[in-house]
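Structure record follows, encoded as structure tokens.
The values are calculated or read from the model by the stated rules, or taken from the named source; none is laboratory data. Values in this document were obtained by computation on a predicted structure and should not be read as measured data. A quick note on method: Cβ atoms are made from the backbone with ideal geometry, for glycine too, and the neighbour counts reach across all protein chains shown.
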Ligand SMILES: *Cc1c(COP(=O)(O)O)cnc(C)c1O
């Protein structure tokens, strides 16, 4: 069977495959039973990530969803509520986990590409009144997926952190793509991490590991989180093979995220010049969200697919996501296909 040029995968940064050196790191990993606390590779990943963000401890979880959910279950009691964006992953894309796992409700804030302000949070925090739930957690997503990889304003995050401390709320970061943010802004992870009580970081997005997320927080918080992870079925035995891939990604694949951002900007530029594109969201990291002309969505997706470019519709939008499986040649190819559309 002759194989034409392989398709350009722009549907998500979760489609990455381990590189050869990552596979070597996995094969050479020292492992043990992590539920018994005896897997040195898992421990190395947790220690490395916690130190990176200036937190006391880390917990390796099989997915970003579990890492977010474990964190929320640890922070919340049934009947309490989480303040988050109307488009937040924890609200929209985790199978209703906040209610199912934590028995909690959400207070959704209208957002600017996934971002809201400290003033909005201040107004949303419920008063101490038996009629209403207790607002316990504020959760932000940085970068914001549905916002087209939008980056939060550092000062606004600082103001929300300050408000949370003053009002006694916990502050959670869904940092599935926080490394994209930090590479784009050039900020120090420790400095940024200091704002949050808990942080979830995905290793399986643009960083290119096959699976896993790390949850970060204080020693006490992670001790509690470990029990919740076990209860949810996320206690894994020789998980070190996978953790080694995650650690390899954190050491070797962070700087190169710049390339993904450059590729996304190139795609956005081509789309902005296209007469059939109605809107392109500002492209700040590795996600490009754009809207083709009314009624053109299906034709766009199909034509792209015919030319070997895989893209996903998101309501009336099309989403392109760049990652380590997309090369400069691939981007040039996509730009050529766009010119024919
Ligand atoms: C991908 C993602 C997650 C976690 O997803 P999993 O597929 O469960 O690893 C969480 N939050 C955001 C914003 C994401 O993009």
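Points worth noting:
- Within this structure, residue 245 passes the test of being crowded, with 20+ Cβ neighbours inside 10 Å, under 19 Å from the mean Cα position of the chain (by Cα) and in the same structural domain as residue 214 (by TED's automatic domain parsing).
Results for (1) in a helix (DSSP H, G or I); (2) more than 23 Å from residue 53 (Cα to Cα); (3) under 20 Å from the mean Cα position of the chain (by Cα); (4) not assigned by TED's automatic domain parsing to the domain that holds residue 323, shown as yes or no for each residue.
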| site | (1), (2), (3), (4) |
| --- | --- |
| 196 | no, no, yes, yes |
| 207 | no, no, yes, yes |
| 211 | no, no, yes, yes |
| 214 | no, no, yes, yes |
| 228 | yes, no, no, yes |
| 265 | yes, yes, yes, no |
| 275 | no, yes, no, no |
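- Residues in region 125-174 that are over 19 Å from residue 106 (Cα atoms), under 13 Å from the mean Cα position of the chain (by Cα) and not in a loop (DSSP other than H, G, I, E, B): 150 alone.
- When each of 104, 57, 74 is tested for being surrounded by fewer than 21 Cβ atoms within 10 Å (Cβ to Cβ), in contact (Cβ under 8 Å) with a residue 12 or more places away in the chain and more than 16 Å from the ligand (Cβ to nearest atom), the lone residue that passes is 57.
- The C-beta contact set for region 136-147 (first residue more than 8 Å from the ligand (Cβ to nearest atom), second residue modelled with pLDDT under 95, distance under 8 angstrom, 6+ apart or interchain) comprises 146/314.
- Close pairs (7 angstrom Cβ cut-off, 6 or more residues apart or separate chains): free of Cβ contacts under 8 Å to residues at least 24 places away in the same chain in region 258-273, buried (at least 17 other Cβ atoms within 10 Å of the Cβ) anywhere: 265/283; 268/280; 268/283; 268/288; 272/280
- Every condition in (1) buried (at least 22 other Cβ atoms within 10 Å of the Cβ); (2) within 29 Å of residue 265 (Cβ to Cβ) is met by residue 45 except one, and the failing one is (2).
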